[in-house]
Each structure stands twice: as structure tokens, then as C-alpha cells.
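J.: Can you keep this structure in mind? I'll have questions shortly.
The values are calculated or read from the model by the stated rules, or taken from the named source; none is laboratory data. The shown structure was predicted, so the numbers you read here are calculated from the model rather than taken from an experiment. Ideal geometry is used to build each Cβ from the backbone, glycine not excepted, and the neighbour counts take in all protein chains shown.
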Amino acid sequence: MPLIFHRRELAERIAAQVMSDTAGSAAASGIFLAAPRRTGKSTFLREDLRPQLERLHALTLYVDLWEDRKADPGQSIVAAIRSGLAGKEGVIARLARSAGMDKVNVGGLSFDMDRVGLGTGVSATRALAALSDETAQRIVLIIDEAQHALTTEAGADAMFALKAARDELNSSSHHGMRIVATGSNRDKLALLRNNRDQAFFGAPLVEFPHLGRDYIEWFCSHVNLPGQLDIDAAYTLFVEAGFRPEVLGGAADAVRFDFAPVTADVQMHFAQQVAKQIEETQADFLRVIRSLTPLQAAVFRVLAAKGAEYAPFEAATFSLYGKAVASGAMQVDAKLDTPNVQQALSALQEKGLVWRAARGVYALEEQGHAEMLARAGLLEGLAAGPP
Ligand SMILES: Nc1ncnc2c1ncn2[C@@H]1O[C@H](COP(=O)(O)OP(=O)(O)O)[C@@H](O)[C@H]1O
Ligand SMILES: [Mg+2]
């Protein structure tokens, strides 16, 4: 089975938009693609968009801020820039000269890559400008799961450094720079672009399209089960699975490894396995919720219910915490006050359930959790009241 369903047309459309030179277009600020987790963003960026940008003669750099969650996002971005410079002697010679290292031995690469960074030595702007000038290419930096840049100071600094670089490279003396950012949560991406102080103020936020029926046709013809899958039925299951390929893949594996003679009703068996996968995900999640303290669970539910309007320490929010606690099955041990709510938020963040921007804005780590809470009836009555 070929591993990847290619989305060439989508890549052509997005790449054309990214590379466009339309005067006054906000696209020069970069573009933000938003879609839930596990729906194929990274796969698309790596397998389809990047090659297409390269066909359009762009020099693309890619960094996934989710990949190594222990690394500081600022450092990950710097590392991506350094990797773009690596091995390009002309660029390095240029940088060495501009850093005042006239007698540098370029063959021996005595220019120290560590000098490229944020706020020290060779700035991101200088490094990227040298790269673009030397190669005569437009640079496209792809930042996957860009919202993580906001979780640390260095990450936020990197976003500002990139704005400076972008403005410089988009001036007439260079070949241009574009930034493509993705994220799994609209509220978080909005923080990167809704605020005038932010590096991507005004950049267009585009709903990244989920995989469609053409993907399901491809899937059904390559899945190799002991019987045919019906495309319409499989697509319905795909919708129920939140457009996540892994759910279908997991169900297909389960059917394949089931030694019962299922040839006649592969379709039914497959549907059962998809339902089972969805149920198991929900059950696993609810087990996690039940393992929280009553206050943590209450804070989490209220955050999920309020979304972008969540204000952790307002009086109205406290009354919602009270409501959430009261509707829970457990006795509350902790007092409902600011320090305890703060502590609950920190604990939720440590458990990977809650995301916090460096300046104190909170959001769910996974948007899908809100839907699971809603399905379990755990958000009822919690969205009421003034924001
Ligand atoms: N175009 C595709 N063809 C085949 N499988 C895909 C495709 N897009 C995504 N997948 C599968 O779905 C899963 C999640 O994809 P990924 O790109 O990591 O999602 P995201 O970056 O949105 O979290 C991966 O296992 C991947 O192999
Ligand atoms: Mg990804």
C-alpha cells in the first residue's frame, strides 16, 4: 500500500497564494493554516506543499515545533535557519565577511554556526538575507504547530525576529520571504495574528481543508482487505472519526488481524472496528478526566466550555467553577480561590491538557477534547453567563 495520498492540487493552490506578489496583499505577512490534530497537516506540508514550493523555485525551511516538545521553540526555529545555511559555502562566506571575519577560511568552515541566533552575533535577518541573496531564491519558512512559539520567551522573540527578517527580505533589494504557519487550534493561532504587537498581525487565517472523498476512494482501493469497502459508507465513517486517517487505518488493521472468516461482511466488520476505536479514544479520555482532582476537572471543563472567552480569575468564572464542581460526583477538598485555580491550571498544563501562552492566556491543548467533554455531557450549563 502506498503510504501517502498526494494532494497536489491543494498544494498548487496554496503554494501559488504563498508565493504571490500581489501588491498590498496580506499574504506577504504569511499565511496560517488551521486544522485539528491528526488530520494530515504535517503530512501535507512535508509531502506536498514543500515539494511544490520548491518546484516554484523557493528555498524552503521546515520546522515542527511539536516534534521535540522539550526543545525551546525559539531554538528549534534558529536550528531550522542554521540547517538552511549548512553546506552553502557562498552564504557562509558572505556571513563571515559581514560579521567582520575577513580572513576567514571558508573551506575550513571556521565561521561558527552558533553565532547565528536571536539577539546575539548574526541575526536571523542577516542570516536569511545572505541565504536569499546568495541563492537568488525566495525563502519560505514553514512553521508547523506554530502556537508553541508562544509558550516561551525565546519562542516569542523568534517570532519577532522573523517579522524583522520578513520585512527586510520583502524589501526591493532581496528576493522575498514568506512564512507558512500551521496550528491545531484557531484560538491559539489567533493570538499570533490578532494583536498589533504580534509578528503576524493581519496574516490570513485559512481553514486547512480536511481529507475528502478522493482520499477515501484512494484508501478503499489500496486498503487490501479480504473484501471490498463501500466508498460512501467508508466516507461516513471517516466523518464520524473526525477526518483522522489513523482511525480508519487502525480499524483496517484490526479487520486484517482478525482470523475469523469475515470475507462476506468486511464492510460491517470494518464499521464496528471504527466505532470501537472512537469509543476507546473517548473512554481513555474520560479515564484521564476522572483521574483529575475535582477542582482540576472543574477548571478544565469551564475552560473547554468558554474557549477563547475564558478568563480564569473573573468572578463570573468562579461561579462556573462552583457549578462544575457541584455537578461532579466527588467531594471538593480544595477551596475555590485564586491560588488553587492557579495551581489547578499548572497541574493541567503539566499533564499536557492545557496550553498556556507566555503572557498568561490559556487554551485546551487539544481542541478535540472539548467535543469529547460535550459528548459526555460534561459541558452542560457551563457556557452561560457573561464572558
Ligand atoms: N495524505 C495522507 N495520506 C495518507 N495518510 C495520511 C495523509 N495525511 C495524513 N495521514 C496520516 O494521518 C496521521 C496524522 O497525520 P499528520 O500529518 O501527522 O497530522 P497533523 O500534522 O495534522 O497532526 C498520520 O499517521 C499520517 O500518516
Ligand atoms: Mg503535525
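J.: Within segment 38-53, is there a residue that is within 16 Å of ligand 2 (Cβ to nearest atom), β-branched (Val, Ile, Thr) and part of a helix (DSSP H, G or I)?
T.: Looking for residues that are within 16 Å of ligand 2 (Cβ to nearest atom), β-branched (Val, Ile, Thr) and part of a helix (DSSP H, G or I), one finds at least one in segment 38-53, hence yes.
J.: Considering only segment 64-73, I want to know if a residue exists there that is away from ligand 1 (no atom under 13 Å from the Cβ) and part of a helix (DSSP H, G or I).
T.: yes
J.: I want to confirm something. Restricting to segment 17-76 and keeping residues that are touching a strand residue (DSSP E or B) at 6+ places or on another chain (Cβ under 7 Å) and β-branched (Val, Ile, Thr), which single residue is modelled with the lowest pLDDT?
T.: Ile31
J.: So how many residues does segment 326-364 have that are modelled with pLDDT of 90 or more and either part of a helix (DSSP H, G or I) or among the aromatic types (Phe, Trp, Tyr) (or both)?
T.: Number satisfying all stated conditions: 15.
J.: Ok, one more. Being surrounded by fewer than 18 Cβ atoms within 10 Å (Cβ to Cβ), of a type in the set (Asp, Glu) and modelled with pLDDT of 75 or more narrows it down to one residue among Asp133, Asp114, Asp102; which is it?
T.: Asp133
J.: Among the residues of segment 164-179, is there at least one that is farther than 20 Å from Tyr62 by Cα and within 25 Å of the chain's Cα centre (by Cα)?
T.: no
J.: Further question: Can you name every residue in segment 44-101 that is in contact with a Lys or Arg (Cβ under 8 Å, 6 or more places away or on another chain) and small (Gly, Ala, Ser)?
T.: Correct list: Ala58, Ser98, Ala99.
J.: Are there any pairs, at least 6 apart or on different chains, whose C-beta atoms fall under 9 Å, with the first in segment 41-63 and without any contact (Cβ under 8 Å) to a residue 12 or more places away in the chain and the second within 12 Å of ligand 1 (Cβ to nearest atom), and if so, which?
T.: Correct list of pairs: empty, since none qualify.
J.: Additional query: If a residue has to be of a type outside the set (Asp, Glu) and within 16 Å of ligand 1 (Cβ to nearest atom) to count, how many in segment 117-148 make the cut?
T.: Residues meeting the conditions: 5.
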